[in-house]
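Visitor: Okay, handing you the structure first.
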Amino acid sequence: MRHSYRLVCIAMAIALSLTLSCSKEEGRVTLMIGGAPAELDYWETLLEDFTENTGIEVGLMRQPTDTDQRRQSLIIPLEAGEGDPDVFLMDIVWIGQFAASGWLEGLEPMMAVDNFETSPFFSRVIDLADTYEGRLIALPVYVDAGLLYYRADLLIEYGFTSPPATWADLVKISVQIQAAQRMTNPDFWGFVWQGAQYEGLVCTFLEFSTAGGGGLVDDSGALTLDRPENIAALNFMRDLIATFGISRPNTYTEMKEEEVRSTFQSGNALFGRNWPYAWGLHQEDGSAVKGLVGISLLPAFSGGEHAATLGGWHIGISRSSDNKEAAWQLVKYIVSRDVQLGFALNLGWNPARQDIYNAPEIVEHVPHLVQLRDIFDSAVARPNVPYYSLLSRELQQRVNAALAGTATPAEALKTAQREGIDIVDRYRQ
Ligand code: GLC
């Protein structure tokens, strides 16, 4: 297919004595994307491959790793109706707002032309995140769920046969191994996790609160931030730092995904909460923990359930793009089976396509992905509402204040609930 396309191009170019520019799909598109440096390098090589195969040049607009900063740098051009970026990645929690603002091009007309099917993708994710008022406005690139990373070698060394199933066990094991490790490494921590004031903190809070039987909303979708289970969960999060001393004090000032990953990767933590992406980087040459890491479900509270927040990144086309046909070619390429397989094998990302989990390469090289597959069906979603970023900002601020000890968990969540209700009411007026 690719070859015949190229041959036609070459034949036409010769016939018309033109340089190779035979299709309106050719041209240039811009892609805005962030991530860890190694991930961005991988994207560069992918885009070169895409250009080689299609003749479409792609300008990469690099963003940082932090989701909130990525959102900020993206909404400025989108709000202004600029032609660039044509294509971008969106955190699952932005899509409601982007769709309601009319910034996303509907994909169905382009899909119909190409007989593009969504059936290979996780249907729960497509329904929850990519469909707005019955229209498909995005496609999933990879799915995320919060995981527990652990130092398998250290657990064995200290006589533990499996990772902790409960939070109480995690604390107990951490206290013991941290004390022992500190004899030779004073900077060793039992458990590192995302506690800085940003979106990642909402994800960790949602995990602790859900594991404790709480959650952000009740079954009817009404906000329930200050329910007793949530207060208990936030107390526990604070205790990890202030009482048990197994999480570093800069948890609430600095710890985001990359800080957690680098602390764990440099050999300075026993347990870490992170997304699947950290796996690939932990296994890189030069990583102090290469070959020493295990992955499991985050612990439950005794008698309760395990909980993981549903995360993940989705691709969309700007309504203001001036090259939508080429943009669609790029989107199709990025969600294609081969590219998704490459993401899984090279970056450890969990494919949004279900048809990859049984691929022999996956089973051979990243078997843990097969085990993770089921987590995505039960992972807890954050509310998919257009005003989510406002709610999130409020919650981030209050939960972070409780971690820092400037408000009690009960006060912090009471305020978050009151302010949250105001946001919901304002939006609905
Ligand atoms: C990951 C998740 C995303 C989440 C973010 C929080 O990138 O995929 O959904 O919002 O982390 O930092």
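The values are calculated or read from the model by the stated rules, or taken from the named source; none is laboratory data. Everything numeric here is computed off the predicted structure, so don't read it as measured data. All Cβ positions, even for glycine, are placed from backbone atoms using ideal geometry, and neighbour counts span all protein chains on display. Ligands, DNA and RNA are excluded from the accessible area calculation, which covers all protein heavy atoms including side chains. Shrake-Rupley method; radii C 1.70, N 1.55, O 1.52, S 1.80 Å.
Visitor: At 25 °C and a viscosity of 0.890 mPa s, what translational diffusion coefficient does Stokes-Einstein give for the stretch 139-203, taking Rh as the Kirkwood radius over Cα pairs? Give it in µm²/s as a whole number.
Guide: 176
Visitor: Which whole-number value in Å² is the accessible area per residue of the chain, probe 1.4 Å?
Guide: Ligands and nucleic acids excluded, the figure is 42 Å² per residue.
Visitor: Non-local amide H neighbours of MET61 (under 5 Å, H modeled in plane, Pro and chain starts lacking H): which ones?
Guide: Amide H neighbours of MET61: LEU31, MET32, ILE33.
Visitor: Suppose R0 equals 56 Å. What FRET efficiency, 1/(1 + (r/R0)^6) with r the Cβ-Cβ distance, do SER378 and ARG62 give to the nearest 0.05? Please list the in-between numbers first.
Guide: Numbers: r = 34 Å, r/R0 = 0.61.
Working from the Cβ atoms, E equals 0.95.
Visitor: May I ask you to evaluate 6.51 cos²θ - 1.76 cosθ + 1.60, the Karplus curve with θ = phi - 60°, for each residue of the stretch 97-103 and list the ³J(HN,Hα) values in order in whole Hz, giving x for glycine and proline?
Guide: 5, 5, 5, 5, 7, x, 8
Visitor: In the chain, with Lys and Arg counted as +1 and Asp and Glu as -1 at Cβ, which of these residues, ALA308, LEU89, LEU347, has the Cα nearest the positive end of the dipole, that is, farthest along it?
Guide: After comparing all options, I get ALA308.
Visitor: Let me ask another. Can you tell me the orientation of helix 2-15 relative to the chain, as the angle in degrees between its alpha-carbon axis and the longest Cα principal axis, to the nearest 10?
Guide: Long axis of 2-15 versus the principal axis of the chain: about 40 degrees.
Visitor: If you don't mind, another one. So for the stretch 319-429, what are the equivalent ellipsoid semi-axes in whole Å, largest first, each being the square root of 5 times an eigenvalue of the Cα gyration tensor?
Guide: 39, 23, 12
Visitor: List the GluC sites (Glu not before Pro) within the stretch 243-295 that fall in a DSSP loop (any state other than H, G, I, E or B) and whose Cβ has at most 16 other Cβ atoms within 10 Å.
Guide: GLU284
Visitor: Within the P(r) computed for the chain, what percentage of the Cα pairs occupies the region above 41 Å?
Guide: Percentage above 41 Å: 18.
Visitor: Mind checking the stretch 124-233 for GluC sites (Glu not before Pro) that DSSP puts in a loop (not H, G, I, E or B) and that have at most 10 other Cβ atoms within 10 Å?
Guide: Counting only loop positions with at most 10 other Cβ atoms within 10 Å, the GluC sites (Glu not before Pro) in the stretch 124-233 are GLU133.
Visitor: Also: Ignoring ligands and nucleic acids, what accessible area does HIS306 show with a 1.4 Å probe (Å², nearest 10)?
Guide: 90
Visitor: Please report, to two decimal places, log10 I(q)/I(0) for the stretch 369-426 at q = 0.25, 0.28 Å⁻¹ as given by the Debye formula with identical point scatterers on the Cα atoms and no solvent.
Guide: -0.93, -1.05
Visitor: For the stretch 345-385, what is the Kirkwood estimate of the hydrodynamic radius, computed as the reciprocal of the mean inverse distance between distinct Cα atoms, to one decimal in Å?
Guide: 11.3
Visitor: FRET efficiency for VAL217 and ASP153, Cβ-Cβ distance as r, R0 = 30 Å, nearest 0.05?
Guide: My answer for the efficiency is 0.15.
Visitor: State the extension gain, in nm to one decimal, for the chain segment bounded by THR45 and THR131, taking 0.36 nm per residue of separation less the distance between their alpha-carbons.
Guide: Extra length available between THR45 and THR131 comes to 27.9 nm.
Visitor: Sticking with this structure for a sec: How about LYS324: which lysines have a C-alpha closer than 21 Å to its C-alpha, ignoring those fewer than 8 places off in the same chain?
Guide: Once the sequence-local lysines are set aside, what remains near LYS324 is LYS24, LYS332.
Visitor: Now, a different point. Please give the calculated 222 nm ellipticity per residue for the chain, where each DSSP H segment of at least 4 residues contributes -39500 (n - 2.57) and the sum is spread over every residue; nearest 500 deg cm²/dmol?
Guide: Using -39500 (n - 2.57) per qualifying helix, the result is -14000 deg cm²/dmol.
Visitor: With θ set to phi - 60°, apply the Karplus curve 6.51 cos²θ - 1.76 cosθ + 1.60 along the stretch 199-213 and write out the HN-Hα couplings as whole Hz, x wherever there is a Gly or Pro.
Guide: Once rounded to whole Hz, the list reads 4, x, 5, 5, 5, 5, 4, 4, 5, 5, 5, 5, 4, x, x.
Visitor: Still on this structure: Amide H neighbours of ALA145 under 5 Å, at least 5 residues apart or on other chains, H built in the peptide plane: list them.
Guide: When sequence neighbours closer than 5 places are left aside, the close amide H contacts are GLY311.
Visitor: Here is a follow-up. When only DSSP loop residues count, what GluC sites (Glu not before Pro) in the stretch 59-121 have their Cβ near at most 15 other Cβ atoms within 10 Å?
Guide: GLU82, GLU117
Visitor: Quick one: plug the Kirkwood hydrodynamic radius of the stretch 77-218 (C-alpha pairs) into Stokes-Einstein at 37 °C, 0.692 mPa s, and report D in µm²/s.
Guide: In µm²/s, the coefficient is 170.
Visitor: With a Förster radius of 41 Å, plug the Cβ-Cβ distance of THR161 and ARG124 into 1/(1 + (r/R0)^6) and report the FRET value to the nearest 0.05. Intermediate results must be reported in sequence, preceding the final value.
Guide: Working: r = 34 Å, r/R0 = 0.83.
Efficiency for this residue pair is about 0.75.
Visitor: Sticking with the crude label model, points 7 Å out along Cα→Cβ, report the distance from GLU79 to ALA180 in nm, one decimal please.
Guide: Label-label distance for GLU79 and ALA180, simple model: 5.4 nm.
Visitor: Then there is this: Could you check how much of the accessible area of the chain is carbon and sulfur, as a whole percent, using a 1.4 Å probe? Write down the numbers at each step before the final one.
Guide: Values: 9340 of 17980 Å².
Of the solvent-accessible surface of the chain, carbon and sulfur hold 52 percent.
Visitor: To continue, here is another question. Dividing the convex hull volume of the Cα atoms of the stretch 28-159 by its residue count, what figure in Å³ per residue is obtained? Working shown, then result.
Guide: Details: hull volume 22.0 nm³, N = 132.
For the stretch 28-159, the hull spanned by Cα atoms encloses 167 Å³ per residue.
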